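Right, one structure below, let's go through it.
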Amino acid sequence: MNKYILLFTLMISASYLSAQSIYAPLNADYYHLVDRADVLNKDFSESVHTSYKPYRAVDVVATMDSAHFLTSNQDQFNAQYIKTDHWEYWSKDSVQSKKPFLKKIYRSKADFLHVNTKDFKLRVNPILYLSGGRDSNSASTPFINTRGAQIRGSIDDKIGFYSSIEESQAIFPKYVQDYTADRGVVPNEAFWKQYNEHGVDFFTARGYFTFNASKHIGLQFGYDKNFVGNGYRSILLSDFSAPSTFLKIQTKVWRIQYTNLYTEMIADAPYSTFGSNGTKEFPKKFLTSHHLSINITDNFNVGIFEAIIFNRGDSTGSAFEWNYLNPIIFYRSIEQYTGSPDNALFGIDWKWNITKGIQFYGQGLLDEMVVSELKAGNGWWGNKFSVQLGGKYYNAFGINNLDLQAEYNVSRPFTYSHESIFTNYAHYRQPLAHPLGANFKKLFSLADINPSHNYSSVVNSFGVNMVRIQ
């Protein structure tokens, strides 16, 4: 791992760093507004390839600033909200508060405290999330209590930084409690401790640095999540599991966006099971992937995804396979060159804005397949693949800000599995793709209505047809 960090340092030192941008944090409601603008325009945004998330904040602002077709009060309010949230890439004068508290606090509408000089920008905001509910299946009352802080900024307009630190106590609904008891992990999170009888206590910290090596090549190094696809779920790479340490190189030129991801992951977390306080090092493994996104036409996009999960150490350590640093060659050829000890996965994704407001999208992942066995129809276990099909309908039936989405995901038994925990497609005991893992069929639908800019969106979602594949 020391060589891995050294390589990263040398790459940065040798690069000319131009104007940079942090990334807009992954948030379903926030990204819904960006995707909505992309589909309502029919032609894709020149700034954002929506199949790889998170998006750069500067690209989000450019997309919303050019979306003149968003004419409803709700859309204009939401667009203004997004641009205000990233005022450093927009008009700074328009977001200044008329009456800041004590002349120092909330001098801008989006920040508790901020510093804005020629060479240094810093924005600091508190995080407070409180919620409660009722679950008839649980003996305890569900709630979440989260406190924290978010820090972001830039140095010399060349180096960007972001950090989010949160401390939470929660009692989740019964189905989440059952998941934690069964797998020994809290969904979406890493290490945790027991809180009272049915609750959990966990600390969430994410952060990264960003650099632009050139006008078209950006680098990000830190601890966070990534997501591949245009759907509510992903069968390629999702944000369901815990954050991880990664280096991302993203190249965007002409109609192409090419993303290389090098990630260190946790093969198992046996000492965090049921909230115990372990002091031993968790076993490691690595994920390397690349994703090529091409706008074939102004409204039809295709992406190609390839990933390798591997480990070159023993049960307590891990060593990186330097052959996988090659940013262009197909990983499968390297995997065969090294003796095929690793788990190789190949996938595609696509989206088609067939008209203003309507988009079809999908994904396909191939883990392993023998065509003769597939034709035989005997249900051979080695045919491992997943498929996603979905559609979005914005301003449905002519009703402003009524958005509908339906999505179907299916995954064959044993997909994403491999010889050991060091090569399976999982991180911190959680799936790297769909939360259900494999061996399922699921139809999901969602309705989102934003009746007024004075009210938050109302989301209704449900899943049906979840069955096991025999």
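The values are calculated or read from the model by the stated rules, or taken from the named source; none is laboratory data. Treat the numbers as computed from the prediction; the structure is a model and nothing was measured. Positions of Cβ are generated from backbone atoms using ideal geometry, with glycine treated the same way; all protein chains shown enter the neighbour counts. Areas reflect the complete protein model, heavy atoms only, side chains present, ligands, DNA and RNA absent. Shrake-Rupley method; radii C 1.70, N 1.55, O 1.52, S 1.80 Å.
Of everything in region 15-25 that is in contact with a Ser or Thr (Cβ under 8 Å, 6 or more places away or on another chain) and at pLDDT 90 or above, the residue that is most open to solvent (accessible area, probe 1.4 Å) is PRO25.
Considering region 402-413, the residues that are hydrophobic (A, V, I, L, M, F, W, C) and modelled with pLDDT of 95 or more include one that is nearest to PHE310 (Cα to Cα), namely VAL410. If you check TYR262, TYR223 for being free of Cβ contacts under 8 Å to residues at least 24 places away in the same chain, touching a Lys or Arg at 6+ places or on another chain (Cβ under 9 Å) and part of a strand (DSSP E or B), only one passes: TYR223. The set of residues from region 145-171 being more than 26 Å from ASN116 (Cα to Cα) and within 22 Å of the chain's Cα centre (by Cα) comprises THR146, GLU167, SER168. Listed by position, the strands (runs of 3 or more DSSP E) inside region 66-165 whose residues that are among the aromatic types (Phe, Trp, Tyr) number at least 1 are 120-132, 143-155. Against the list (1) modelled with pLDDT of 90 or more; (2) at negative phi; (3) out of contact with any Lys or Arg (no Cβ under 6 Å at 6 or more places or on another chain), the condition ASP156 fails is (2). Restricting region 70-89 to residues that are touching an Asp or Glu at 6+ places or on another chain (Cβ under 9 Å) and free of Cβ contacts under 8 Å to residues at least 40 places away in the same chain leaves a set whose member that is most open to solvent (accessible area, probe 1.4 Å) is LYS83.
Which condition does THR50 not pass, out of (1) free of Cβ contacts under 8 Å to residues at least 40 places away in the same chain; (2) assigned to a loop (DSSP other than H, G, I, E, B); (3) surrounded by 15 or more Cβ atoms within 10 Å (Cβ to Cβ); (4) not aromatic (Phe, Trp, Tyr), if it passes all the others? Among (1) free of Cβ contacts under 8 Å to residues at least 40 places away in the same chain; (2) assigned to a loop (DSSP other than H, G, I, E, B); (3) surrounded by 15 or more Cβ atoms within 10 Å (Cβ to Cβ); (4) not aromatic (Phe, Trp, Tyr), THR50 violates only (1).
Residue-level check: of (1) surrounded by fewer than 16 Cβ atoms within 10 Å (Cβ to Cβ); (2) under 19 Å from PHE240 (Cα atoms), VAL200 misses just (1).
Screening ALA205, ALA170 for residues that are open to solvent by less than 10 Å² (accessible area, probe 1.4 Å) and closer than 29 Å to LEU128 by Cβ leaves exactly one candidate, ALA170. Being farther than 30 Å from TYR428 by Cα, surrounded by fewer than 18 Cβ atoms within 10 Å (Cβ to Cβ) and not polar (S, T, N, Q) is a property that does not hold for TYR195. Residues in region 93-126 that are surrounded by fewer than 14 Cβ atoms within 10 Å (Cβ to Cβ) and touching a residue at least 12 places away in the same chain (Cβ under 8 Å): GLN96, SER97, VAL115, ASP119, PHE120, PRO126. Number of residues in region 346-361 that are of a type outside the set (A, V, I, L, M) and touching a residue at least 60 places away in the same chain (Cβ under 8 Å): the value is 9. Please enumerate the residues belonging to region 380-401 that are at pLDDT 95 or above, surrounded by fewer than 19 Cβ atoms within 10 Å (Cβ to Cβ) and not in a helix (DSSP H, G or I). Answer for region 380-401, where residues must be at pLDDT 95 or above, surrounded by fewer than 19 Cβ atoms within 10 Å (Cβ to Cβ) and not in a helix (DSSP H, G or I): VAL387, LEU389, GLY391, TYR393. On the basis of being at pLDDT 90 or above, open to solvent by 30 Å² or more (accessible area, probe 1.4 Å), of a type outside the set (Ser, Thr, Tyr) and out of contact with any Cys (no Cβ under 8 Å at 6 or more places or on another chain), does ALA28 make the cut? Answer is no for this residue.
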